[in-house]
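To keep things clear, I will list the structure first and then write my remarks on it.
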Amino acid sequence: RVRTLMTTMPLTARALGAPCWHAVLGNRALIRLHGPDTRKLLQGLITNDMGHLAPGTTMHAAFLNRTGRVMADAHFHRLAGDDDGPYVLDVDAALAPTLTRHLLKFRLRSAVDVDDVTADYDVVAVSGPGGMKGAQGGGA
């Protein structure tokens with residue numbers, strides 16, 4: 001099973017434990033949303049229920065354009081915090097500028113900050129026995 005993980009920790013073979021592997025997914029971009037109106041804004045723009053996204057969890061959803069066609073899909077990461085987020089969206093790097101414009105267009109007067117934080121994190125695919133445990137700090 002392959003899962004994605006956001007980390008600021010350097011991932012080495014020793015940190016992950018063996019046997020497992022990891023790959024930095026360079027074709028992904030990260031968009032951070034934070035503010036008191038973030039949950040409400042996202043609830044109106046995506047195909048999943050934001051109520052299912054508890055702190056420290058992830059979910060998958062799509063953004064639709066005004067005609068109802070899928071414009072982008074994303075993995076939503078809700079970082080530990082209060083109801084205001086922060087939320088980090090893991091999206092295809094080629095679609096990140098379009099999605100950022102879309103979010104800013106519908107933000108209107110909502111109290112939501114939208115930032116590209118791709119340079120601050122690595123998106124990593126991890127696989128193998130104990131791979132996620134090692135990536136989360138429990139490795140050898």
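Taking all protein chains together and a 1.4 Å probe, the residues 39, 66 rank 66, 39 from largest to smallest accessible area. Ligands, DNA and RNA aside, residue 121 has an accessible area near 70 Å² when probed at 1.4 Å.
Extension gain, residue 71-residue 24: 0.36 nm per intervening residue step, less the Cα-Cα distance, totals 14.5 nm. Between the amide H of residue 72 and those of 63, distances stay under 5 Å, these residues lying 5 or more places away or on another chain, with hydrogens modeled in the peptide plane.
Roll a 1.4 angstrom probe over the protein heavy atoms and tell me the percent of accessible area of the stretch 90-129 that is carbon or sulfur. Don't jump to the answer; show the numbers that get you there.
Numbers: 1170 of 2270 Å².
On the stretch 90-129, the fraction of accessible area on carbon and sulfur atoms equals 52 percent.
The values are calculated or read from the model by the stated rules, or taken from the named source; none is laboratory data. Not measured: the values here are computed from a predicted model. Areas reflect the complete protein model, heavy atoms only, side chains present, ligands, DNA and RNA absent. Shrake-Rupley method; radii C 1.70, N 1.55, O 1.52, S 1.80 Å.
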